[in-house]
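K.L.:
Could you have a look at this structure, given as structure tokens, before my questions?
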Amino acid sequence: MIKPDGVQRGLIGDILKRFEQKGFQLLAAKLMTPSREHMEKHYADLAGKGFFKGMIDYMMTGPVFCMVWAGDGAVVTGRKMLGATKPSESEPGTIRGDFCIQIGRNICHGSDSVENAEKEIELWFPEGVCSWTSHSQGWIYE
Ligand code: DAT
Ligand code: MG
């Protein structure tokens, strides 16, 4: 997911392009402004943290761009492509390493396990995702 700062800064295309070029397959995408309840569900595991309310307020300030990407190792590799949570520790070449400075404006979210990805897909895309065969399949996988 591209957070409100990434959307406002016009980074949707750049970020989406990295996943497309890598060879991952886009199964769903949409722009939406989440409600507080929706955002609190998404970040339920962080509910006790001091930054929680501020983070939820920030996530509700504008649309976010949610995507579902499929492919071998999509969760683990996707997290590497995002970079470390703290931009000061994100390597250059990662999205956070290249595009942001502060942890509270770190541009993007990525599911941290397949189990959580499945939960998050259900939360953000209750309508379901697309199932399609990419013509590149045979050129990305042997
Ligand atoms: P990630 O987004 O890499 O999965 P996380 O799940 O630990 O990291 O935290 C979710 C988001 O919460 C993170 O992207 C930015 C915000 N956050 C985490 N720690 C923070 C902190 N110490 N101060 C402010 N925001 C923080
Ligand atoms: Mg997380």
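Just so it is clear, none of the values below were taken in a lab; they were calculated from the coordinates. All values derive from a computational prediction rather than experimental measurement. For neighbour counting, all protein chains shown are included, and Cβ atoms are generated from backbone atoms with ideal geometry for every residue, glycine included.
K.L.:
Mind checking the full-extension length gain between Asp112 and Met32? Use 0.36 nm per residue of separation minus the Cα-Cα distance, one decimal, nm.
P.N.:
Values: separation 80, 0.36 × 80 = 28.80 nm, distance 2.14 nm.
Between Asp112 and Met32, full extension yields an extra 26.7 nm.
K.L.:
About the Cα centre, and with charges only on the beta carbon of Lys, Arg (+1) and Asp, Glu (-1), how big is the dipole of the chain? Nearest 20 debye, please.
P.N.:
440
K.L.:
Which of Ala28, Thr85, Gln137 sits farthest toward the positive end of the charge dipole of segment 4-139, with +1 on the Cβ of Lys and Arg and -1 on the Cβ of Asp and Glu?
P.N.:
Thr85
K.L.:
Let me ask another. Based on the Kirkwood radius over alpha-carbon pairs, what value in µm²/s does the Stokes-Einstein equation return for the translational diffusion coefficient of segment 1-58 at 10 °C and 1.306 mPa s? Write down the numbers at each step before the final one.
P.N.:
On the way: Rh = 13.3 Å.
Here the translational diffusion coefficient equals 120 µm²/s.
K.L.:
Count charges around Arg105 for me, please; just the other residues with Cβ under 12 Å from its Cβ, Lys/Arg as +1, Asp/Glu as -1. Before the final figure, lay out each step's value.
P.N.:
Working: positive: Lys3, Arg9, Lys86, Arg96; negative: Asp5.
Once positives and negatives cancel, what remains is +3.
K.L.:
Suppose a student asked you for the relative contact order of the chain, using Cα pairs under 8 Å spaced at least 6 residues apart; what percent would you report?
P.N.:
29
K.L.:
Please list the three semi-axes, largest first and in whole Å, of the ellipsoid equivalent to the chain, using sqrt of 5 times the eigenvalues of its alpha carbon gyration tensor.
P.N.:
24, 18, 14
K.L.:
Based on Cα positions only, what radius of gyration and what Dmax would you give for segment 64-114, in angstroms?
P.N.:
For segment 64-114, the Cα radius of gyration and maximum Cα-Cα distance read 10.8, 30 Å.
K.L.:
Ok, one more. Find how much the distance from Val129 to Gln21 grows on full extension, using 0.36 nm per residue of separation minus their present alpha carbon separation; answer in nm with one decimal.
P.N.:
Additional length available on full extension: 36.8 nm.
K.L.:
Here's a follow-up. Find the Rg to Rh ratio for segment 31-109, where Rh is the Kirkwood radius over alpha-carbon pairs and Rg uses the same atoms.
P.N.:
0.97
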